[in-house]
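Shown next, in C-alpha cells, is the structure this report addresses.
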Amino acid sequence: GNSVTQMEGPVTLSEEAFLTINCTYTATGYLSLFWYVQYPGEGLQLLLKATKADDKGSNKGFEATYRKETTSFHLEKGSVQVSDSAVYFCALIPMDTGRRALTFGSGTRLQVQP
Amino acid sequence: EAGVAQSPRYKIIEKRQSVAFWCNPISGHATLYWYQQILGQGPKLLIQFQNNGVVDDSQLPKDRFSAERLKGVDSTLKIQPAKLEDSAVYLCASSFRGVGEKLFFGSGTQLSVL
C-alpha cells in the first residue's frame with residue numbers, strides 16, 4: 001500500500017534559521033501531495049499542496065516541490081519564526097483510484113526558539 | 001464560516017465500555033472522514049463517506065467500530081467494546097467533494113481507555 005516517511009523530530013531551530021523537513025513516499029500512479037500543519041491546541045489545516053510532478057506548492061513562506069524522480073516532497077522555509085512551532089504532516093492522495101483519502105506520515109514536531 | 005464541529009472534546013472510559021463521538025461537517029460538504037491518530041503517529045483513515053454512502057471502510061475494525069452518516073450531514077462513530085489500544089484522538093474532516101480537495105479538520109476527540 002501507499003506510505004509516507006518523514007524525518008523524526010523534534011526539530012529545534014533558532015528564529016530566522018533555515019528549515020528543511022524531509023518527506024519521501026512510496027506510491028504509484030497519479031498523486032497529489034500535501035503538507036498539513038497542526039498548531040498547539042488546534043486542528044490539522046492544509047499548509048500547501050502540489051498536484052503534479054515538478055509542481056511547487058507554497059504558502060506563508062513555506063515551499064515544497066513534488067519530485068517524482070526522488071519520490072520526495074521536502075518542506076522548506078528560509079527564515080522560521082516562533083509562531084511556526086507546530087507539528088507538520090506530509091500526506092498524499094492517489095488521484096487515479098476511487099478511494100481518494102489522505103495517507104499521512106507520522107509528523108515532525110518543529111520547535112522554534114527566540 | 002463555521003468549521004467542523006466535534007464532541008466531546010475528551011472522553012475517559014474503561015475497557016469493554018462503549019463510546020460514541022459526534023461530528024458535524026461544514027455545511028454543504030459532501031465528503032466526511034473519520035481518522036484515528038495514535039500518539040506519535042500520523043492520522044489513519046477509518047472511514048470515508050460521500051453524502052450518506054460509504055466510500056472506504058477498509059481500515060475500520062468492524063468487529064468493534066461502527067459509523068453512520070444519516071441524511072448525509074452529521075455523523076457518529078461508535079466503539080463497542082473499547083480496548084486499551086483504542087486510546088487515540090479521533091478526527092473528523094470534511095471536504096466539498098472529496099476529490100483531492102482541501103480537507104477541513106475538527107479539533108478531535110481525545111479518547112483514553114483505562
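The numbers here are math on the coordinates, done by the rules we state, and not lab data. The structure presented is a predicted model; accordingly, all values stated were derived computationally and were not measured. Positions of Cβ are backbone-derived with ideal geometry, glycine not excepted, and every protein chain shown enters the neighbour counts.
The loop-placed trypsin sites (Lys or Arg not before Pro) in the range B:36-114, going by DSSP, that have at most 14 neighbouring Cβ atoms within 10 Å of their Cβ come out as B:LYS62, B:ARG64, B:LYS83, B:ARG97, B:LYS102.
Under a 10 Å cutoff between Cα atoms, tell me which one of B:GLN48, B:GLN17, B:GLN36 has the largest fluctuation in the Gaussian network model of chain B. Result for chain B, Cα springs under 10 Å: B:GLN17 fluctuates most.
The Cα center of the range A:35-49 and the Cα center of the range B:43-100 differ in position by 20 Å. Annotation note: chymotrypsin sites (Phe, Trp or Tyr not before Pro) in the range A:1-94 located in DSSP loop regions with a Cβ neighbour count of at most 11 within 10 Å are A:PHE18.
Normalised by the number of residues in chain B, the mean separation of alpha-carbon contacts (under 8 Å, six or more apart) gives a relative contact order of 37 percent.
The lysine pair count for the range A:1-99, using Cα distances under 14 Å and pairs eight or more places apart or on different chains, is 5. Near A:ILE21, once Lys and Arg are set to +1 and Asp and Glu to -1 for all other residues with Cβ below 12 Å from its Cβ, the sum equals -2. If you keep only loop residues by DSSP, which trypsin sites (Lys or Arg not before Pro) in the range A:1-101 have at most 15 other Cβ atoms within 10 Å of their Cβ? Passing both the DSSP loop test and the Cβ count: A:LYS52, A:LYS60, A:LYS68, A:ARG99. Each 10 Å bin, from zero up to the one with the longest distance, holds this percent of the alpha carbon pairs of chain A: 15, 49, 29, 7, 0. Please list, by residue number, everything in the range A:35-61 whose backbone N is under 16 Å from a paramagnetic label point 7 Å out along Cα→Cβ of A:SER79. Only A:60-61 fall inside the zone, counting backbone N under 16 Å.
For chain A, modelled as a GNM whose springs connect Cα atoms under 10 angstrom apart, the maximal fluctuation among A:SER83, A:SER58, A:SER32 occurs at A:SER83. Among residues other than A:VAL82 with Cβ under 11 Å from its Cβ, the summed charge is -3 (Lys and Arg +1, Asp and Glu -1).
By DSSP, the beta bridges lying fully in the protein assembly as shown are antiparallel in about 90 percent of cases. The dipole here belongs to chain B: it is taken about the Cα centre, uses +1 on the Cβ of Lys and Arg and -1 on the Cβ of Asp and Glu, and is about 180 debye.
The relative contact order of the range A:12-80 comes to 39 percent, based on Cα pairs under 8 Å that sit 6 or more residues apart.
A dipole drawn for chain B from +1 and -1 charges on Cβ atoms has a positive end, and of B:TYR33, B:SER58, B:PRO8 the residue lying farthest that way is B:PRO8.
If Lys and Arg each add +1 and Asp and Glu each add -1, what is the summed charge of the other residues whose beta carbon sits under 15 Å from the beta carbon of A:GLN111? With Lys, Arg at +1 and Asp, Glu at -1, the net is -2.
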